[in-house]
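Visitor: First, the structure itself, so that you have it in front of you.
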Amino acid sequence: MVYSNQTETELMTLLKEGDHKAFLEIYDRYKVLLQQHAYKKIGDAQDVQDVIQELFTELWDKRISLNITTGLSNYLFTAIRNRSLNLIYKRRKEMHYLESLEEFINEGNYLIDLQIREREFTELIQKEIDALPTRMREVYKLSREEGLSHKQIAELLGTSETTVSKQITNVLKILRKKLGSLYFITFFFP
């Protein structure tokens, strides 16, 4: 029997009977056309080969239960189009997922870096505050940490507002000198 002379209907009948040569004829007859069709949609040769392989594997595996009413070529082209579109959709979802994951990782790294820097910055400021003379440190803490006014601090410590103001001015000068550009943040964000 010459399989290349068989019609689609005859080839399908032979395929359903398990005729492997009929399957090979279908494969040879449509493979290149289906590859070209899929390549226009997918644009990646390896993906096209995978889609074609899956289609023909399924054709063989489901040959007995297949009920093709539109003709073999219509069935194959519709199947390859649908598989191609499914693959494109899957790739887009994967790409979106990877972009989201990358964004999450980058944001997570940024937040971790920010937390580390914030902790180091806080430790540096605290070290400089702890190195202040006792009275200056006490005035600074009451002013910046407790939020007390110069008048309230003066009353609490039994001193004048002028002394408290001078102490705060001296503390800020010392911190500005020790911390450099970090001074600005220290002054405004206690």
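Visitor: I want to confirm something. Restricting to region 18-69 and keeping residues that are of a type in the set (Val, Ile, Thr) and over 35 Å from the mean Cα position of the chain (by Cα), which single residue is least open to solvent (accessible area, probe 1.4 Å)?
Guide: Looking at residues that are of a type in the set (Val, Ile, Thr) and over 35 Å from the mean Cα position of the chain (by Cα), I get Ile26.
Visitor: For residues that are within 49 Å of the chain's Cα centre (by Cα), open to solvent by less than 50 Å² (accessible area, probe 1.4 Å), modelled with pLDDT of 80 or more and of a type outside the set (A, V, I, L, M), tally how many sit in region 150-187.
Guide: 0
Visitor: Go through region 122-136 residue by residue and tally those that are free of Cβ contacts under 8 Å to residues at least 60 places away in the same chain and either touching a strand residue (DSSP E or B) at 6+ places or on another chain (Cβ under 6 Å) or open to solvent by less than 70 Å² (accessible area, probe 1.4 Å) (or both).
Guide: Of the residues in region 122-136, 6 are free of Cβ contacts under 8 Å to residues at least 60 places away in the same chain and either touching a strand residue (DSSP E or B) at 6+ places or on another chain (Cβ under 6 Å) or open to solvent by less than 70 Å² (accessible area, probe 1.4 Å) (or both).
Visitor: Suppose we filter Leu85, Leu66, Leu76 for residues that are in contact (Cβ under 8 Å) with a residue 24 or more places away in the chain and within 19 Å of Ser4 (Cα to Cα); which single one remains?
Guide: Leu76
Visitor: Now, a different point. Here are some residues: Thr13, Thr9. Which one is in a helix (DSSP H, G or I) and open to solvent by 100 Å² or more (accessible area, probe 1.4 Å)?
Guide: Thr9
Visitor: Just need a number here: residues in region 1-43 that are within 28 Å of Leu87 (Cα to Cα) and in contact (Cβ under 8 Å) with a residue 60 or more places away in the chain.
Guide: 2
Visitor: Is region 85-94 home to any residue that is of a type in the set (Val, Ile, Thr), surrounded by 18 or more Cβ atoms within 10 Å (Cβ to Cβ) and part of a helix (DSSP H, G or I)?
Guide: No, region 85-94 has no match at all.
Visitor: Residue by residue through region 51-93, note down the ones that are over 22 Å from Glu17 (Cβ atoms) and of a type in the set (D, E, K, R).
Guide: Glu54, Arg81, Arg83, Lys90, Arg91, Arg92, Lys93 - these are the residues of region 51-93 that are over 22 Å from Glu17 (Cβ atoms) and of a type in the set (D, E, K, R).
Visitor: From (1) under 16 Å from Leu34 (Cα atoms); (2) in a loop (DSSP other than H, G, I, E, B), pick out the condition that doesn't hold for Thr78.
Guide: (2)
The values are calculated or read from the model by the stated rules, or taken from the named source; none is laboratory data. Because the structure is a prediction, the values reported are computed rather than measured. Here the Cβ is made from the backbone with ideal geometry for all residues, glycine too, and neighbour counts use every protein chain on show. The area values use the complete protein model at the heavy-atom level, side chains included, leaving out ligands, DNA and RNA. Shrake-Rupley method; radii C 1.70, N 1.55, O 1.52, S 1.80 Å.
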